[in-house]
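A.B. asks: Can you read through this structure? Questions will come right after.
The values are calculated or read from the model by the stated rules, or taken from the named source; none is laboratory data. All values derive from a computational prediction rather than experimental measurement. Cβ placement follows ideal geometry from the backbone for every residue including glycine, while neighbour counts extend to all protein chains displayed.
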Amino acid sequence: MRNLVRTLILLPALGLFLQRAAADDSPNVLFIAVDDLRDWVGHLGGHPQATTPNIDRLAASGVSFTRAYCSAPLCNPSRISLLTGIAPSRSGVYGNGEKLRDKLPNAVTLMQHFRASGYSARGAGKLFHGSRAYDEDSWDGYFRPANSKKLRRIKRDSSLLKSAWVPWGPLACSDDEMFDGKNANWIIAELKKPQGNPFFLAYGLTKPHLTWEVPQKYFDLHPIDGIELPVVKKGDLDDVPPFGQKLAREVYDPSGEKNFATRGGDHQNVIDNGQWRKAVQAYLATISFADAQIGRVLDALDKSEHADNTVIVLWGDHGWHLGEKEHWRKHALWDVSTRTPLIISVPDGVTKGQLCHRPVSLIDLYPTLVDLCGLPERDGLDGQSLKPLLRNPGQEWDRPVVMTYGSGNHAVQTQRWRYIRYADGGKELYDHARDPNEWKNLASLSQYKSTIEELKMHLPERNKR
Ligand SMILES: [Ca+2]
């Protein structure tokens, strides 16, 4: 009897040992999350003046997906779906208000699965949404820097009305005083430490999320005089159904948070206050700041003993409008709101410096990393491993991407088409082969009826409330 009791006590420990042993020759993972980064990245060409030498260097060492889409165009639902592998329509996580463990108490996060497979999962910065939402079960260690003194804005235009929406401008401080700079320093220190187990090390940047306040030198990289504005079409919202117009003119959060867009809409506010060019400059500067921090982390990995045995993933949580469709911020189902950089660099990958133009989803990252690191497969994930595309970026890939914003509002992206259907029945259809800017909504034209019928089949059958 005593032996049986001892065996029962030892069995889980033995199981843990076997799992841990299995991961000994597995590659490490450096997991870099960038907040609110759209395609304004040098090698993606989303803006001609984007300066991101470090992200571009990473792309040159792996595969960069030019058409990677979030599951939801807002921090919380995008991140929870990526980190659990469960789509918003199944989890009911639609906005910034829902909590991971309220909605998905039994979900095994990506980090939990790595931990259960013998990895040490550690992180710093913004991985889940919210400063406290780091999810205890997901990490062996998590760095949270002490609050710093308020960083000083160099100047604010005194002629601006108080009501002007201008959360951007240069700071008088060093990179090391910034939240992302401190977290980068911690990640760099972790990379220098001896490691007992393979690691899953996550660096979550809070930039280029607003506010676009970074040290002056990053503004100097982008002189205001030559700044180019995004190409937009006047009256672009005229053929968009009412719910789409609402998304453009209000800040709609499905969790029920109030509309905090500036009065009259953000776009009108930016125009009225002469801020468009300054905003574009500030977003470009903030991206360059984020890129510099990423560069420091990549340098540290390059110099470490882990350089040849680490998978690197870089992803943004969704896109960002700067006036396209008279819209600012994210939280809409168009291409600009939902498309984001995604780079995967595999140490022994045969494919380096290639672009993959197949539509893929951030929800595919969970099964992709499980696949790349040889972890036990998991049931119930909504994504699919991208490993075949990492081997051959041009191979056929007919799996559409589904994006969701609030219960019953979805977009479907295929190689050619984007179909949007709102819960109230409003529809949009764009032909990306002819109209990558999504300027002409084709949904009401009879010749596209069968195209819409096909695209509709990919919408979720059920939408969790
Ligand atoms: Ca975000």
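A.B. asks: When only residues in region 299-326 that are surrounded by fewer than 24 Cβ atoms within 10 Å (Cβ to Cβ) and of a type in the set (A, V, I, L, M) count, which is farthest from the ligand (Cβ to nearest atom)?
C.D. replies: 307
A.B. asks: On to the next question. Scan 388, 393 and give me the residue that is in contact with a Cys (Cβ under 7 Å, 6 or more places away or on another chain) and farther than 19 Å from residue 80 by Cα.
C.D. replies: It is 393.
A.B. asks: Six or more apart or on different chains, Cβ atoms under 6 Å: show the pairs whose first residue is in region 189-212 and over 18 Å from residue 296 (Cβ atoms) and whose second is part of a loop (DSSP other than H, G, I, E, B) and of a type in the set (A, V, I, L, M).
C.D. replies: Note: pairs meeting the criteria are 198/23.
A.B. asks: So, in region 187-207, exactly how many residues are under 18 Å from residue 125 (Cβ atoms) and touching a Gly at 6+ places or on another chain (Cβ under 9 Å)?
C.D. replies: Residues that pass the stated criteria total 9.
A.B. asks: Name the residues in region 342-377 that are without any contact (Cβ under 8 Å) to a residue 60 or more places away in the chain, surrounded by fewer than 16 Cβ atoms within 10 Å (Cβ to Cβ) and within 11 Å of residue 389 (Cβ to Cβ), would you?
C.D. replies: none
A.B. asks: Kindly provide the set of residues from region 161-171 that are closer than 15 Å to residue 211 by Cβ and over 27 Å from the mean Cα position of the chain (by Cα), ordered by number.
C.D. replies: Initially, region 161-171 is screened for residues closer than 15 Å to residue 211 by Cβ, giving 164-171.
Once the filter is applied, which keeps residues that are closer than 15 Å to residue 211 by Cβ and over 27 Å from the mean Cα position of the chain (by Cα), region 161-171 yields only 164.
A.B. asks: What are the residues in region 227-248 that are β-branched (Val, Ile, Thr) and surrounded by fewer than 19 Cβ atoms within 10 Å (Cβ to Cβ), if any?
C.D. replies: Result: 227, 231, 232.
A.B. asks: Right, another one. Out of (1) away from the ligand (no atom under 16 Å from the Cβ); (2) of a type in the set (Asp, Glu); (3) touching a residue at least 40 places away in the same chain (Cβ under 8 Å), what's the single condition that is false for residue 98?
C.D. replies: (1)
A.B. asks: Quick one: is residue 175 under 30 Å from residue 276 (Cα atoms), among the charged types (D, E, K, R), in contact (Cβ under 8 Å) with a residue 12 or more places away in the chain and surrounded by fewer than 24 Cβ atoms within 10 Å (Cβ to Cβ)?
C.D. replies: Here the answer is yes, as residue 175 does meet what is asked.
A.B. asks: Kindly indicate the residue of region 327-339 that is among the hydrophobic types (A, V, I, L, M, F, W, C) and in contact with a helix residue (DSSP H, G or I) (Cβ under 7 Å, 6 or more places away or on another chain) and also farthest from the ligand (Cβ to nearest atom) among those meeting that condition.
C.D. replies: 334
So that you can scan it fast, the table gives a plain yes or no per residue for (1) at pLDDT below 95; (2) over 24 Å from residue 418 (Cβ atoms); (3) among the hydroxyl-bearing types (Ser, Thr, Tyr); (4) away from the ligand (no atom under 16 Å from the Cβ):
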{"position": "18", "(1), (2), (3), (4)": "yes, yes, no, yes"}
{"position": "30", "(1), (2), (3), (4)": "no, yes, no, yes"}
{"position": "43", "(1), (2), (3), (4)": "no, no, no, yes"}
{"position": "49", "(1), (2), (3), (4)": "no, yes, no, yes"}
{"position": "60", "(1), (2), (3), (4)": "no, yes, no, yes"}
{"position": "64", "(1), (2), (3), (4)": "no, no, yes, yes"}
{"position": "68", "(1), (2), (3), (4)": "no, no, no, no"}
{"position": "74", "(1), (2), (3), (4)": "no, no, no, no"}
{"position": "80", "(1), (2), (3), (4)": "no, no, no, no"}
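A.B. asks: Continuing with the same structure: In contact with a Ser or Thr (Cβ under 7 Å, 6 or more places away or on another chain), surrounded by fewer than 22 Cβ atoms within 10 Å (Cβ to Cβ) and at pLDDT 95 or above, is that true of residue 387? Break it down into steps so the answer makes sense when it comes.
C.D. replies: Numbers: in contact with a Ser or Thr (Cβ under 7 Å, 6 or more places away or on another chain): yes; surrounded by fewer than 22 Cβ atoms within 10 Å (Cβ to Cβ): yes; at pLDDT 95 or above: yes.
Answer is yes for this residue.
A.B. asks: Scan region 101-118 and give yes if some residue there is over 27 Å from residue 25 (Cα atoms), away from the ligand (no atom under 16 Å from the Cβ) and crowded, with 17+ Cβ neighbours inside 10 Å, otherwise no.
C.D. replies: For region 101-118, residues over 27 Å from residue 25 (Cα atoms), away from the ligand (no atom under 16 Å from the Cβ) and crowded, with 17+ Cβ neighbours inside 10 Å: present.
A.B. asks: List the strands (runs of 3 or more DSSP E) inside region 387-465, counting only whole elements, that have at least 3 residues being closer than 30 Å to residue 62 by Cβ and touching a residue at least 24 places away in the same chain (Cβ under 8 Å).
C.D. replies: On the way: elements: 401-404, 410-413, 417-421, 427-431.
Output list reads 401-404, 410-413.
A.B. asks: Sticking with this one: Just to be sure, is residue 424 among the charged types (D, E, K, R) and within 27 Å of the chain's Cα centre (by Cα)?
C.D. replies: no
A.B. asks: Right, another one. Across region 365-386, which residue is farthest from residue 91 (Cα to Cα) among those that are of a type in the set (A, V, I, L, M, F, W, C) and in a loop (DSSP other than H, G, I, E, B)?
C.D. replies: 373
A.B. asks: Next question. Mind checking whether some residue in region 306-322 is within 14 Å of the chain's Cα centre (by Cα), among the aliphatic types (A, V, I, L, M) and over 23 Å from residue 247 (Cβ atoms)?
C.D. replies: yes
Here's the yes/no breakdown for (1) of a type outside the set (Lys, Arg); (2) touching a helix residue (DSSP H, G or I) at 6+ places or on another chain (Cβ under 6 Å); (3) under 19 Å from residue 34 (Cα atoms):
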| site | (1), (2), (3) |
| --- | --- |
| 130 | yes, no, yes |
| 159 | yes, no, no |
| 171 | yes, no, no |
| 175 | yes, yes, yes |
| 186 | yes, no, yes |
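A.B. asks: Here is a check on your reading of the model: is residue 130 modelled with pLDDT under 95, within 16 Å of the ligand (Cβ to nearest atom) and at positive phi?
C.D. replies: For residue 130, the condition - modelled with pLDDT under 95, within 16 Å of the ligand (Cβ to nearest atom) and at positive phi - is met.
A.B. asks: Next up: Considering only residues that are assigned to a helix (DSSP H, G or I) and surrounded by 24 or more Cβ atoms within 10 Å (Cβ to Cβ), look in region 192-220 and name the one that is farthest from the ligand (Cβ to nearest atom).
C.D. replies: Selected residue: 219.
A.B. asks: Another question, if that's okay. Quick one: residue 156 ticks every box in (1) touching a residue at least 12 places away in the same chain (Cβ under 8 Å); (2) surrounded by 13 or more Cβ atoms within 10 Å (Cβ to Cβ) except a single one, so which number is it?
C.D. replies: (2)
A.B. asks: Same structure again: With the structure loaded, tell me whether residue 286 is within 16 Å of the ligand (Cβ to nearest atom), crowded, with 22+ Cβ neighbours inside 10 Å and more than 25 Å from residue 85 (Cβ to Cβ) or whether it fails that test.
C.D. replies: Yes; evaluated as a whole, the condition is true for this residue.
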